[in-house]
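Below is one structure, written out as structure tokens; the observations come after it.
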Amino acid sequence: MNRRTHTAIAAAIAATLTLGLGACSSTGGDAGDGGQQGVTTEGNGIIGGTPVKGGTLTILSNQDFDQLDPARNWTMPVMDVGVRMLYRTLTTFKAAPGSEGLKIEPDLATDLGTPSDGAKTWTFHLKDGLKYEDGTAITADDIKYNVERSFSPELPGGPDYAVRYLNAPAGYQGPLKGERLGKEAIEVPDAKTIVFHLKRPVAEFGYTVTLPTFAPVPKAKETGANYSNHPVSSGPYKIETYDRGKRMVLVRNTNWDPKSDTVRKAYPDKIVVDQTLKGTGIADRLIADQGEDKNAISYVDLTPSKISEVLTNPDVKKRLISENAGCTTKLDMNTTKAPFNNAKVRLAMQYAVDKEAFAATTGGPAFNDIATTYLPPVLTAGNPIDHFQIKPAGDPEKAKALLTEAGFPNGFETELVTSTGGKPQAEAIQAALKRVNVNVTITTVDPTAVNSIIGDKDKQPGLANLGWCPDYPSAATFLPMIFDGRQIKDKGNQGDVTRFNDPETIAELDRIADMADLQKANTAWLALDAKIMDKSPAVPLVWQKKPLLVGSNIAGAYAHPVWAGQIDYAVIGLKSAS
């Protein structure tokens, strides 16, 4: 998952994983921690018990969804919205907090897939009676079609697992101009069977097909770049209205059959997403908990300035969800842009950054752990690894010495782009780098524009404050997704946003990917993490929790470990619908 955007959950995750958690992008004055060293969701991890059927759930937000097109949806928490409410995938994750939420179940498929040819071929069969919102049948070719769409340069920014894994012809450009993939990549022998042929064995492919790339899209409803405005629903809800950046209303998809879906419960009759608010306004409304706000939840993290107010009020604190997201927030350096094409300069940044000050802007120790490697603790058996052993506040003198060695004794100037909500974090980075004579100009943009700027080689500045989150339980979807230079694109670049293209790293990524012994692979991933840290394309900053407030009439609210600590929309609802 993509960057933007958590330790009770972390320990549970680590205990269940062989390789760890995969990849997906997240965005991202001490507010104080109210004397807390951490916050654990009450009610055994679930707030409010089991919801009732009916009523209107309101989601309060300060931003639009960047992409609801399933071929392009690779940011949290937008992926949570898409795959839990609007479209279904071949398999999906269980609706449960903690380690149970890391298990997968069949979704559109009848089972978790049948591997053959040493896990280079995977076969899935669809359930009976699956329909879109308009009543037309969902077919295997619709899934193939959306997978093909993920190759389209006209539809950039989505999960690229299909591009990486499928035995597709070199240079395939997707189906928008009429070219479909042949049987060497995907077979559809009948309307209910789809067979994927991979370049190499992928033992965890049953997890791969949880991604929205593997949701169905009817070719007849293709609208290209505009498909995000109204993806055709295969899930429990459909879009009634969507005024982008303002309001989206979801109502029941009457052609969704709950008997075919063991995960999504679709408790509310209607879901209203208000995207016009400010973060402090969302917090104030949910703290006050008046009227219809009792039926509301926050889409975005609790504003840091409100954290102490929440933690010191027991009645409000019990409505707070805050679990570990399993994500690493980073300071990404554009390694193709001077002076960050100089490895010594990048190493200096490891020492220059004040991680304590950065963590304070997102709630301090109650909501952050200082990150010391790229791989979060959920990928390192629950134990954080401190690679450089730098004090959390940094070592400016060491940074200055490295800059001098690199040929920049007087520092330099650079630009950092961030979302409007990310300005406090950017200012913490700016202040820390100022100590070593690196002058940072901060450019703030709408949250929906961050990815397009950073993904464009011609527009991307020197610095960005991003992160990487798990997609599914496999460390093979973490380091390869953010440091494989072969996947870099001039436009629509995701994952390797540092544009780090290192032949030694690429060779090691391939060597580990071919390992059959998962324990040896684990060890190799840790060693590679250390080697990449030494080359420093990015600075790991924090392992952040995700603080989310809900109203007092909300039930079934918990942080899902795969959705980066976001509330699981599959089972959210109201205590009382009246």
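Derivation of every value follows stated rules applied to the coordinates shown; laboratory data play no part. Model, not experiment: these values are computed from the prediction. Heads up, the Cβs are rebuilt from the backbone with ideal geometry, glycines too, and the neighbour counts pull from every protein chain shown.
Peptides 177-189, 269-281, 229-241, 320-332 ranked from most to least packed, by the mean per-residue count of other Cβ atoms within 10 Å: 320-332, 229-241, 269-281, 177-189. Diffusion of region 455-578 by Stokes-Einstein, at 20 °C in a medium of 1.002 mPa s and with Rh set to the Kirkwood radius over alpha-carbon pairs, works out to 124 µm²/s. Computed from backbone phi with θ = phi - 60° and the Karplus coefficients 6.51, -1.76 and 1.60, the 3J(HN,Hα) list for region 408-424 is 10, x, 9, x, 6, 10, 7, 10, 10, 9, 8, 6, 4, x, x, 4, x Hz; x is used for glycine and proline.
Here region 120-167 and region 472-486 have alpha carbon centers that stand 21 Å from each other.
Here V445 and E413 are evaluated by their C-beta separation; at R0 = 30 Å the FRET efficiency comes out at 0.95. Here Cα Rg over 2.2 N^0.38 Å was computed from the coordinates, and among (1) 1.03; (2) 1.19; (3) 0.91 the match is (3). Estimated at 0.36 nm per residue, the fully extended path between T276 and N226 surpasses their Cα-Cα distance by 15.8 nm. Subtracting the Cα-Cα distance of T110 and T312 from their residue separation scaled by 0.36 nm leaves 67.9 nm. On full extension, the segment bounded by T404 and A527 gains 41.4 nm, given 0.36 nm per residue less the C-alpha separation. Taking label points 7 Å from Cα along the Cα-to-Cβ direction, K337 and T420 give a separation of 2.2 nm. Can you bin region 241-381 into rounded, prolate or oblate? Criterion: square roots of the alpha carbon gyration tensor eigenvalues sorted a ≥ b ≥ c, rounded for a/c under 1.5, prolate for a/b above b/c, oblate for the rest. Verdict is prolate for region 241-381. Electrostatic tally near V562: other residues with Cβ closer than 14 Å to its Cβ, Lys and Arg +1, Asp and Glu -1, net -4.
Here the spin labels are modelled as points 7 Å beyond Cα on the Cα-Cβ line, and at V52 and H387 they lie 5.3 nm apart.
Distance between the pseudo-spin-label points of D514 and R244 (7 Å out from Cα toward the beta carbon): 4.4 nm.
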